[in-house]
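Structure record follows, encoded as structure tokens.
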Amino acid sequence: MKRSTFLVSCLASLAASAAFAADVAPAAKLTAEQIVDRNVAARGGLEAWRGVTSMTLSGKVEAGGKANPELPFIMKMKRPHKSRLEIRFKDQTAIQVYDGTTGWKVRPFLNRDEVEPYTEAEAKQANAWEELDGPLVDYARKGTKVALVGKEAVEGHDAYKLKLTMKDGQQRGLWIDATTFLEVKIDGEARKMDGRMLKVAVFSRVFKKQNGLVVPGVLETVVEGVKQSPHKMRIETVTINEPLADDLFTKPQLAMAKAPTR
């Protein structure tokens, strides 16, 4: 393991997904597999996503706290399972890197001026989630099982609730809008606060179209029972198939952490 805030809804893709829905079975009788197929179609189609070898997202992410400043970030992802996240604050850059099997982090904001390995929990989460095309594209190839739980309202709109069981046994709920068939909500990694484990949800908003693909422009993280929640990640630019050297995803050097990737 997320994808690291946004922009304008892609009306054309929504209309296309609605037309697609009208041509198949009535919505009430859809299976989990049909819902996934419509979601992938609404997001640009299976072949289009299979053609993506890398993706770079940039924008701003809220830091939290009373001031809640927005910090610039760059997220680079490369198949099969590599990612690099940089967040800039003043003259410091925090880095999280995952090479497909091992992860590292540099956290100067916490006065930790060294390269630290991912914890066991962080590595488990990265291994399950750090995929640039999301959890539903080619889900069977990824070893994920999908089951339809039923319908629920998400912020006043009907949505299909799917249960995802990852190859390592982790489970997540994922909600698909019943009209647009775009993802609107997914369970995040639970957080321990004040001795309690609190549920986390990540909402996808303000979808935009880039190179034929539909991606969210805002990711909003909500922690159950936390007043200062939610935190937003605003995605301002999306670059598809940018050449990315493999050494971007190796263990960071401290000298590299002082200057952001261009």
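Observations on the model:
- Listed by position, the strands (runs of 3 or more DSSP E) contained in the range 26-131 that have at least 2 residues being of a type in the set (S, T, N, Q) are 54-62, 92-98.
- If the condition is being in a strand (DSSP E or B) and of a type outside the set (D, E, K, R), then the range 191-208 contributes Met193, Met197, Leu198, Val200, Ala201, Val202, Phe203, Ser204, Val206, Phe207.
- Number of residues in the range 168-185 that are farther than 13 Å from Glu152 by Cβ and out of contact with any helix residue (DSSP H, G or I) (no Cβ under 9 Å at 6 or more places or on another chain): the value is 2.
- On the stretch given as the range 164-178, residues that are in a loop (DSSP other than H, G, I, E, B) and in contact with a Ser or Thr (Cβ under 8 Å, 6 or more places away or on another chain) total 2.
- Test for Val238: is it under 30 Å from Lys66 (Cα atoms) and either of a type in the set (Gly, Ala, Ser) or at pLDDT 95 or above (or both): yes
- Sub-9 Å Cβ pairs linking a first residue in the range 109-131 that is closer than 20 Å to Gln170 by Cβ to a second residue that is among the charged types (D, E, K, R) and in a strand (DSSP E or B), at least 6 apart or interchain, are Tyr118/Lys105; Glu122/Lys105; Ala128/Arg172; Trp129/Arg172; Glu130/Lys82, ordered by first then second residue.
- Residue match in the range 123-133 (condition: of a type in the set (Gly, Ala, Ser), at pLDDT 90 or above and crowded, with 17+ Cβ neighbours inside 10 Å): no
- Selection within the range 209-225: residues that are assigned to a loop (DSSP other than H, G, I, E, B) and in contact with a Leu (Cβ under 7 Å, 6 or more places away or on another chain). The member of this set that is nearest to Arg43 (Cα to Cα) is Glu224.
- Annotation: of all residues in the range 74-104 being buried (at least 19 other Cβ atoms within 10 Å of the Cβ) and among the polar types (S, T, N, Q), the one that is nearest to Tyr139 (Cα to Cα) is Ser83.
- Remark: Gly173 matches the filter, which requires a residue to be at pLDDT 95 or above and in contact with a Lys or Arg (Cβ under 7 Å, 6 or more places away or on another chain).
The values are calculated or read from the model by the stated rules, or taken from the named source; none is laboratory data. Keep in mind it's a predicted model, so treat the numbers as computed, not measured. FYI the Cβ positions are ideal-geometry reconstructions off the backbone, even for glycines, and counts take in every protein chain you see.
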